[in-house]
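Undergrad: Dumping the structure here so I can ask a few things about it.
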Amino acid sequence: MRIAWLAIIYTILSLLPLALESIGVSRLVSILAFSYIMSIYALSFALLLGYLGLLNFGHALFFGLGAYLTAYQTIWWGIPYVLVIPISMIFGAAAGFLLSLIVRRAFGGIPFAFITLTVLLMVYFLYTRRELRAISGSEQGLLIPTPQLLTSTIISYIPLALTAILITASIYTILRSGKSGSKAGASRSSIAIIPLSLILMSALILLIDSIANRAEPLRISINLYILSLTTLIAVHMAIKKILESPLGLIWISIRENESRAASLGYNVFIYKAIAMSISGAIAAVSGSLYAVYAFNINPERTFSPLLSVYGLIYSLIGGLYPIEGSIIGAIVVTIIERFIADYAGGWSLVFVGVLFITIVLTMPHGIAYYIWNPSTIKNTLKVLKKAYRSTPYKNKEQTNPYG
Amino acid sequence: MALEILVSAIIDGVALGFIFLLLSLGLSVIFGLMRIVNFAHGSMFLWGAYIGYEVSSRTGNLLAGILASASITGLMGFLIEYLLLKRLREPLTQAIITIGLMLLLDRVAWLRWGDITYIWLPPELEGTILLGPTIIYKYRLFVIVVGIVLLIAVYIFFNRTRYGMIIRAGIDDREMIQAFGVNIERVFTGIFVVGSVLAGVAGSILVPWQGVYPTLGINYLLYAFAIVVIGGVGSIGGTMVASLLAGLAQQLSAYYAPYLAEPSIFLLMLAVLMLRPSGLLRV
């Protein structure tokens, strides 16, 4: 049943562009689409950092790889966009495995962070060279034509199909429970789901109708919104499944005590390489979406070391545990940054810097922690006060203020 | 002919190596002792350079600029450590604080000084010395002399004084020296201030040679990270060796293979880390 409610939340979120347009903030649609893309990236970063303790400063490598592969596939080879994402994913996974072969001798801790950073910088320096303008686009960047997929209405049929599946599934459960007379609770929520899905279905038909009548840029931005939302939900569910599987448990055991995991017979390198491949594939997907979103990519935006640092910012401001924290962090940071950039001009980065410091000082466990444990919100200011009131030059005992 | 170029490349490399040393020594000790990945270190370097430029170009005295930037970056380091980092002793969270500070400080500097490259050379250090066919810039020789003096001072500080001993012991085992009754919090503040001062001095020394521009901080921060990792995190001797190696690598490649000048230090780091993951001198 939980999955049914998740599907309903997904459908409601995919209807959001309609609501935002009706209150006249259609610009927010594209900002949200961007924040979903960055959420996918943040998820892949948090997967490595939170579940294996691998701080990957070269993570932008996968993102840039996805973005540039998308550019090459659409510009040079004319591959349809439906295939572009899986192909970029395969290459991202391969790059992840290759990178883990490079860092084989120093797979963890600070050396790992800096070897990956070096590999990223090598690619970055290579791509910013003037001689390689033809493949890197240099400062002007490569222009990516908008794929057919985003100008049609096909994408918005995904949530529609989902609601149809939901209705049939609910009817099926009701019929079954009626026959065997089993759990009443399940059938009650199924009964609630049917009318809800019907309402959502009609709203979705309205959405598709309105998309078809829109001017092209608006249609593309709504389509991109739904596409990135769908990808984000799919990636999130896949990661959740992986983390609950034995593979995820082995990752956690490696994070907690690597030598113990090794002496229990697990090949630590292989499990870390698997994690790198999965994370690389996911980051490549986000890069691939970004390439279509920005429709103009250059090395400065895709292979920049600052992007890797942003992965850290997203996952720590949102909170590493649970992994949804990184999604929240990415959405919050992206939206705030865009709004500050609109109003503050040259001062924007100053405010962003102050904001990061304030959030980290008041919510050291990340924003998600407070959403999951609402009772600790009132402690937020208390933590800050305690930190500033205590005499600074005492050897303080490290205690968890929420514990 | 080839020999003269080699000689001037080596002199430039050693001079740059000493600037790298000043910059990365603080980073390395902060890294080793406090476990902070200090992203704000590059901003200290940048601010030191700007303040050094402002003061020395107005007074016409290089030393005044160096002293001014040392005192102001020292104050900045103290405020950052006392007001922010001390409140949260958690490595990753502190990294975010320093990232925020980096964005903030670099941007404030950009708002004040803009995209222009500032350069100011004291008149008495202008020009070159001709040593046979070799051309040696006076200022780079001056940097080497200052570097050697500071190197000796640093060596004496770390190996012959009580504070240096506490710091070296702290890098080795933090809990142990706390158990001996050393107030580690005070040591942290002190080392952060000293690191910031060294970065500021390095910045103000670099101005007459390469000038100061807005992305200087982040460029040199990346170099310094690379140097710290080459030398081994927290290893003082390793940082010294690695700085000189990195300076030489960069200047030699700038003379002989200009397209390698930017990535040379990172290539060096890659090579060292593949062979010795824990750095050159870390046991």
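The values are calculated or read from the model by the stated rules, or taken from the named source; none is laboratory data. Note that this is a predicted model, so its numbers are computed, not measured. Glycine gets a Cβ as well: all are built from the backbone with ideal geometry, and neighbour counts include every protein chain shown.
Undergrad: So is B:Thr161 modelled with pLDDT under 85 and of a type in the set (Val, Ile, Thr) or not?
TA: When the stated conditions are applied, B:Thr161 does not pass them.
Undergrad: Going residue by residue through region A:64-71, is there one that turns out to be away from chain B (no Cβ under 14 Å), of a type in the set (Phe, Trp, Tyr) and crowded, with 22+ Cβ neighbours inside 10 Å?
TA: Looking for residues that are away from chain B (no Cβ under 14 Å), of a type in the set (Phe, Trp, Tyr) and crowded, with 22+ Cβ neighbours inside 10 Å, one finds at least one in region A:64-71, hence yes.
Undergrad: Return the residue satisfying two criteria in turn: it lies in region B:174-188 and is in a loop (DSSP other than H, G, I, E, B) and within 18 Å of B:Ile30 (Cβ to Cβ), and of such residues it is nearest to the other protein chains (Cβ to nearest Cβ). Write out each step before concluding.
TA: Restricting attention to region B:174-188, the residues satisfying the condition of being in a loop (DSSP other than H, G, I, E, B) are B:180-183.
Within this subset, residues satisfying the condition of being within 18 Å of B:Ile30 (Cβ to Cβ) are B:182-183.
Details: B:Val182: 10, B:Asn183: 6 Å.
Checking each candidate, the answer is B:Asn183.
Undergrad: Considering each of B:Leu83, B:Leu79, B:Leu105 in turn, give the residue that is free of Cβ contacts under 8 Å to residues at least 24 places away in the same chain, under 30 Å from A:Leu320 (Cα atoms) and under 20 Å from the mean Cα position of the chain (by Cα).
TA: Going through B:Leu83, B:Leu79, B:Leu105 in turn, just one is free of Cβ contacts under 8 Å to residues at least 24 places away in the same chain, under 30 Å from A:Leu320 (Cα atoms) and under 20 Å from the mean Cα position of the chain (by Cα): B:Leu79.
Undergrad: Name the single residue that is nearest to the chain's Cα centre (by Cα) among those in region B:255-275 being more than 9 Å from chain A (Cβ to nearest Cβ) and not aliphatic (A, V, I, L, M).
TA: Out of the qualifying residues, it is B:Ser264.
Undergrad: Of everything in region A:352-366 that's surrounded by fewer than 19 Cβ atoms within 10 Å (Cβ to Cβ) and at pLDDT 85 or above, which residue is nearest to the other protein chains (Cβ to nearest Cβ)?
TA: Of everything passing the filter in region A:352-366, A:Val354 is nearest to the other protein chains (Cβ to nearest Cβ).
Undergrad: Which of the residues that make up region A:91-147 are among the hydroxyl-bearing types (Ser, Thr, Tyr) and touching an Asp or Glu at 6+ places or on another chain (Cβ under 8 Å)?
TA: Here is the first cut: in region A:91-147, the ones among the hydroxyl-bearing types (Ser, Thr, Tyr) are A:100, A:116, A:118, A:124, A:127-128, A:136, A:138, A:146.
Scanning region A:91-147 gives a single hit, A:Thr128.
Undergrad: Kindly establish whether A:Leu316 is within 20 Å of A:Leu48 (Cβ to Cβ), without any contact (Cβ under 8 Å) to a residue 60 or more places away in the chain and either within 11 Å of another protein chain (Cβ to nearest Cβ) or of a type in the set (Gly, Ala, Ser) (or both).
TA: yes
Undergrad: Among the residues in region B:155-166, are any more than 21 Å from the chain's Cα centre (by Cα) and crowded, with 17+ Cβ neighbours inside 10 Å?
TA: First, pick out the residues of region B:155-166 that are more than 21 Å from the chain's Cα centre (by Cα): B:160-162, B:165-166.
After this cut, where a residue has to be crowded, with 17+ Cβ neighbours inside 10 Å as well, the list is B:166.
Yes, the conditions are met somewhere in region B:155-166.
Undergrad: Tell me, which helices (runs of 4 or more DSSP H) wholly within region A:102-164 include 3 or more residues that are touching a residue at least 12 places away in the same chain (Cβ under 8 Å) and more than 8 Å from every other protein chain (Cβ to nearest Cβ)?
TA: So the answer is A:109-127, A:148-151.
Table: residues versus (1) under 26 Å from A:Ser315 (Cβ atoms); (2) more than 16 Å from the chain's Cα centre (by Cα).
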position: B:Leu27; (1), (2): yes, no
position: B:His41; (1), (2): yes, no
position: B:Glu54; (1), (2): no, yes
position: B:Asn61; (1), (2): no, yes
position: B:Leu92; (1), (2): yes, yes
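Undergrad: Is it the case that some residue within region B:208-217 is on the phi > 0 side of the Ramachandran plot and touching a residue at least 12 places away in the same chain (Cβ under 8 Å)?
TA: Yes, there is a match, as at least one residue in region B:208-217 is on the phi > 0 side of the Ramachandran plot and touching a residue at least 12 places away in the same chain (Cβ under 8 Å).
Undergrad: A further question on this structure: Taking region A:372-403 as the search range and keeping residues that are of a type in the set (Val, Ile, Thr) and not in a helix (DSSP H, G or I), which one is modelled with the lowest pLDDT?
TA: A:Thr399
Undergrad: Select, from B:Ile144, B:Ile136, B:Ile99, B:Ile129, the only residue that is in contact with a strand residue (DSSP E or B) (Cβ under 7 Å, 6 or more places away or on another chain) and surrounded by 15 or more Cβ atoms within 10 Å (Cβ to Cβ).
TA: Criteria check complete, one pass: B:Ile136.
Undergrad: Also, quick follow-up: Looking at B:Arg107, is it among the basic types (Lys, Arg) and surrounded by fewer than 17 Cβ atoms within 10 Å (Cβ to Cβ)?
TA: no
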